[in-house]
Ligand SMILES: C[C@@H](C(=O)O)C(=O)SCCNC(=O)CCNC(=O)[C@H](O)C(C)(C)COP(=O)(O)OP(=O)(O)OC[C@H]1O[C@@H](n2cnc3c(N)ncnc32)[C@H](O)[C@@H]1OP(=O)(O)O
Ligand SMILES: [Co+2]
């Protein structure tokens, strides 16, 4: 929820019916819901068993995404999802992260946007680095774009077309 919506009871009431952020004045795109939080894991079977068998969550099958260099398992949480990630192939973008974080760790957050192409143009103009030349099709069959963690307070941010 947009922070500005919580500053008065009236705005809070509006935000209950309008969950999307209002956006930046004059800007043509808006930030939406948290789609997922991704966790890089060294052992996918063990991590899946933790969420399914120990914590009782509903989990998806393991899906290989060779174009992203990862295997994914999605954990349903009701209000959002966890995306468990394990490297696939020699050039996986999460290999370096797992080398530094041997037990695994939080890898990225994914926030929906209502117009990913407009968001990219705007963010590039604000010197926020994007990590591919153009959006790629992500785990949900929709265009996604990653923003450099050094330009986002140390957090790797994935934007997904809503
Ligand atoms: C399927 C799709 C979906 O959900 O739809 C997905 O999620 S695919 C999910 C997997 N795909 C991606 O992550 C694609 C975007 N990611 C990338 O392009 C890469 O992973 C980078 C973010 C550029 C990092 O690459 P790499 O680890 O090779 O670079 P590096 O070791 O030189 O890292 C550069 C600096 O960024 C930091 N760094 C690296 N990964 C980070 C992360 N996940 N969160 C926060 N900081 C991170 C490093 O510690 C280092 O900081 P210091 O210099 O201070 O030590
Ligand atoms: Co993701």
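The values are calculated or read from the model by the stated rules, or taken from the named source; none is laboratory data. This is a predicted model, so every value here is computed, not measured. Neighbour counts run over all protein chains shown; Cβ positions are idealised from the backbone, glycine included.
Among the listed residues 50, 55, which satisfies the condition of being without any contact (Cβ under 8 Å) to a residue 12 or more places away in the chain and within 17 Å of residue 40 (Cβ to Cβ)?
Answer to the selection: 50.
Return the residues of the stretch 37-76 that are within 16 Å of residue 107 (Cβ to Cβ), in a loop (DSSP other than H, G, I, E, B), within 11 Å of ligand 1 (Cβ to nearest atom) and over 14 Å from the mean Cα position of the chain (by Cα); say none if nothing qualifies.
If the condition is that a residue be within 16 Å of residue 107 (Cβ to Cβ), in a loop (DSSP other than H, G, I, E, B), within 11 Å of ligand 1 (Cβ to nearest atom) and over 14 Å from the mean Cα position of the chain (by Cα), then 69 is the only one that fits.
Let's see how each residue does on (1) in a strand (DSSP E or B); (2) modelled with pLDDT of 95 or more; (3) more than 21 Å from residue 25 (Cα to Cα):
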position	(1), (2), (3)
84	yes, yes, yes
118	no, yes, no
127	no, yes, no
154	no, yes, yes
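Under the condition of being under 27 Å from residue 32 (Cα atoms) and surrounded by fewer than 21 Cβ atoms within 10 Å (Cβ to Cβ), which residue from the stretch 82-96 is farthest from ligand 1 (Cβ to nearest atom)?
Here the answer is 82.
What are the pairs, 6+ residues apart or on separate chains, where a residue within the stretch 117-138 that is without any contact (Cβ under 8 Å) to a residue 40 or more places away in the chain and within 23 Å of residue 64 (Cβ to Cβ) has its Cβ under 8 Å from a residue that is assigned to a loop (DSSP other than H, G, I, E, B) and within 16 Å of ligand 2 (Cβ to nearest atom)?
That search, which allows pairs on different chains as well, returns 131/148.
Report whether or not residue 24 is surrounded by 13 or more Cβ atoms within 10 Å (Cβ to Cβ) and either within 15 Å of ligand 1 (Cβ to nearest atom) or assigned to a loop (DSSP other than H, G, I, E, B) (or both).
no
With at pLDDT below 95 and either within 9 Å of ligand 1 (Cβ to nearest atom) or over 26 Å from residue 122 (Cα atoms) (or both) as the only criterion, which of 79, 16, 101 stands out?
Every option except 16 fails the conditions.
From 146, 97, grab the single residue that is within 13 Å of the chain's Cα centre (by Cα) and not in a loop (DSSP other than H, G, I, E, B).
146
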